[in-house]
Every structure is written in structure tokens, then in C-alpha cells.
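What follows is calculated from the coordinates using simple rules that are stated; it is not laboratory data. None of the values given here were measured: they were computed from a predicted structure. For neighbour counting, all protein chains shown are included, and Cβ atoms are generated from backbone atoms with ideal geometry for every residue, glycine included.
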Amino acid sequence: DSVLELKAVDRRYVQGPKELVILNGADFALRSGEMVALVAPSGAGKSTLLHIAGLLEYPDGGDVVVNGTSCAGLPDEQRTAIRRSEIGFVYQFHHLLPEFSALENVMMPQLIAGLPPAEAKERAAQLLAYMKIGQRAAHRPAELSGGEQQRVAIARAVANAPLVLLADEPTGNLDPKTAGYVFEALEALVRQSGLAALIATHNEELAARMDRRVTLAEGKVVPLPE
Ligand code: ADP
Ligand code: ADP
């Protein structure tokens, strides 16, 4: 019951005369409903792995299987369609649209997916309430605190009910206390929706709260001890 699999994934970057091997035969499987922490030092390749897993980048070799569909050889349009329906992203910085309210930002992916505005609005309001930020729905991103902005970004990431949530340091820009609260809301949402999540983080405390922790070593995804 894996919702996301990396199979023998290779990724190298050419940097001048050197070749930087980031992933080298990396295997990984994310099972339905589990939360996995990806913990590794800066520059280890966490973002690269998340971008490949999220079908934003092609690997140099190997395959990415999303909900049983092999994606390595698919053309861009099909990868985009799978990404939009099955995968949600959260980044360290929120990337919300500045001209729109929190509610409108969460409605946007649903409107793009063709949902009627009334339904999109109802779901957006519900998600903001789950994230404990319902009372800020009418505010634009600039009027929200960093923690509130991340709550909105998380609500937006799951607006189209993806199978998989990929998060790249989602609380990395927040002070420890705010990070804890935002993570708590994220965790509740993931648990409540049965979503599977792969979350890159430097925060050992938050990583310890997930179902398991993995790291990158010699181009492979390996488990960290409990
Ligand atoms: P992390 O997210 O763990 O900090 P990244 O995946 O962002 O790591 O980067 C891993 C390594 O690959 C870094 O050394 C980075 O400089 C390098 N890198 C990332 N993207 C590119 C690129 N497009 N071209 C060349 N090198 C890159
Ligand atoms: P949209 O529906 O806005 O066109 P896409 O389907 O292109 O978005 O991408 C889905 C998700 O991936 C969005 O959250 C978007 O922010 C993110 N994304 C798209 N392209 C990139 C990229 N090159 N690097 C990082 N994230 C990206």
C-alpha cells in the first residue's frame, strides 16, 4: 500500500569540472497514512529528493511511482496532471499570492481543478478552521504572522485532497514555539485526512514525533535509529 515510491533513483549535478552525486540508486517507499521525517544536513539533497518525488524534476535514472503509476517515462503534461491531483507541496516560505486573502489562496487550486466556487469556498473555510486560522480567512498574507502564513500554505497544499504531502522545512522559518504549534496543526490535519507525508526538517524534536525518520547517505535513503 505504498502511495509513493522511489526506485533506484539517480541524480547528479555537474558543477564546473566536478560531478556532484546526490542520489545514487535511492529506494524509498511512503505508505498510506504515514508521516516520515527526512533529516539530513544542508546540501545533502533533501530538496532534490522532494522535487523528484513530487514530479517537479526528472531523475537521471530510476523511477518514481505515484499510487501505482510509473512516472519516470511520462511526458510533462501527464506528470503535471498527476502532481496536481495527488501531491501537495509546502515550502519553507509560504509562496502565497499576495493580492488574495487567505481564503482565496486556499480556494485557488480547487478553482484551477474546476470545482464550483461555492464548494471551493466551503472546503477552504473548513481547512482554515482545521488549521486553527479560520478567524484570519479574510486577511491577505502580508497581514498574517509567519506561523499564520504557513498554516494557510499547508491548507492550500491539501486543498485538492492529495494522497501525498511533501514538505521542505515547513517550519524552518519560524521560532521554535511557533514551529511547534504549526507542526501540531499540520500533524492533526495529516492524521485526520489519512494523508501520507514526507517532511524534510532540521528540527530533531519534530522529527522524533513522526512515524519514522530517514536520512541520505552515499546517495541512498537510509533509516535513522528510533
Ligand atoms: P538540501 O535540500 O538538503 O539542502 P539540495 O537538494 O538543495 O540539498 O542540494 C543538494 C546539493 O546539490 C547542493 O550541494 C546544491 O548546491 C546542489 N544543487 C542543487 N541544485 C542544483 C542545480 N540545479 N545545479 C547544480 N547543483 C545543484
Ligand atoms: P500550478 O497549478 O500553480 O501551475 P504546478 O502544477 O506547476 O502549479 O505545480 C504544483 C506545485 O508545485 C505548486 O505548489 C507549485 O508551487 C510547485 N512548483 C511548480 N514548479 C516548481 C518548481 N520549479 N520548483 C519548486 N516548486 C514548484
Could you give the C-alpha radius of gyration of segment 158-226 expressed as a fraction of 2.2 N^0.38 Å, taking N as the number of residues it contains?
1.15
Under a crude label model (7 Å from the Cα following the beta-carbon direction), how far is Asp63 from Arg191 in nanometres?
3.5 nm
Fraction of beta bridges assigned by DSSP in segment 86-226 that are antiparallel (%, nearest 5):
30 percent
Can you tell me what the convex hull of the Cα atoms of the chain projects to on average, as an area in nm²?
12.7 nm²
Could you size up the charge dipole of segment 1-147 around its Cα centre, putting +1 on the beta carbon of Lys and Arg and -1 on that of Asp and Glu, and report it in debye to the nearest 20?
360 debye
Here Rg/Rh (Cα, Kirkwood) for segment 17-133 equals 1.01
Percent of all alpha-carbon pairs of segment 110-226 at distances over 22 Å, whole number, is 38 percent
Using a cut-off of 9 Å between beta-carbons, work out the net charge of the residues near Val21 (Lys and Arg +1, Asp and Glu -1, Val21 not included).
-1
Normalised by the residues of the chain, what does the relative contact order come to in percent, with Cα pairs under 8 Å and at least six apart?
29 percent
Expected unfolding gain across Glu119-Ser2 under the 0.36 nm per residue rule, minus the alpha-carbon gap, is 39.1 nm
